[in-house]
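First comes the structure, then the notes that go with it.
The values are calculated or read from the model by the stated rules, or taken from the named source; none is laboratory data. Just so we're clear, the structure is a prediction, and the values are computed from it rather than from any experiment. Here the Cβ positions follow ideal geometry from the backbone for every residue, glycine too, while neighbour counts run over all protein chains shown.
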Amino acid sequence: MSEKDRKWNCVPLVATMLALLLLASVAMTAKSFGFVLNVTASMPGIVYRLGHGERGSVTAFCSPIPHPSLGRGPCPDGSLPLIKRVAGVTGDVVIATDAGVEINGRPLPHSRPLDLDSQGKTLPHLRGVFRIKDGEIWAAGEHENSFDSRYYGPVKLQ
């Protein structure tokens, strides 16, 4: 193999390395502006701008309880952060039953708790009445298979 051929053989490696460096730079910049990349099926979109805990905004947090279906990531338990919509805020009264979740007397769509997750793993059963405290939210997924507050209760915002 000639010297010229060897030079051109490293082009794909260099191009791949540059693409990865660019992707990492974009991801770090996006995060600093409050954007997060969704790599799971629990939310329909790919990129979200995070809110600050206001109702209807999107937030990311580490699960308050471990569950085997959570992917590997930077959370203290080694799992991926959850990306959820804020459904309940300070002062809201949440009632969690076998039929689903109500917030201030209004039913929350797709909130009937399931016994098993999409991988066949058992889900915890949380039932009761909760008043959301200052600094907490009630997190809700966009579909019925979401691992959200109906399984672990209110979430403290960081």
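Does G88 satisfy being at pLDDT 90 or above and more than 22 Å from A60 (Cβ to Cβ)? If you could, list the steps in order and put the result at the bottom.
On the way: at pLDDT 90 or above: yes; more than 22 Å from A60 (Cβ to Cβ): no.
For G88, the condition - at pLDDT 90 or above and more than 22 Å from A60 (Cβ to Cβ) - is not met.
Number of residues in the range 60-83 that are crowded, with 16+ Cβ neighbours inside 10 Å and modelled with pLDDT of 90 or more: the value is 3. Residues that are within 17 Å of H143 (Cα to Cα), out of contact with any strand residue (DSSP E or B) (no Cβ under 7 Å at 6 or more places or on another chain) and hydrophobic (A, V, I, L, M, F, W, C) do not occur anywhere in the range 88-98. Each residue in the range 63-118 was checked for being of a type in the set (S, T, Y) and touching a helix residue (DSSP H, G or I) at 6+ places or on another chain (Cβ under 6 Å), and 1 pass. Counted as qualifying within the range 44-158 are the strands (runs of 3 or more DSSP E) with 1 or more residues that are over 13 Å from the mean Cα position of the chain (by Cα) and of a type outside the set (V, I, T), namely 82-88, 93-97, 100-103, 128-131, 136-140.
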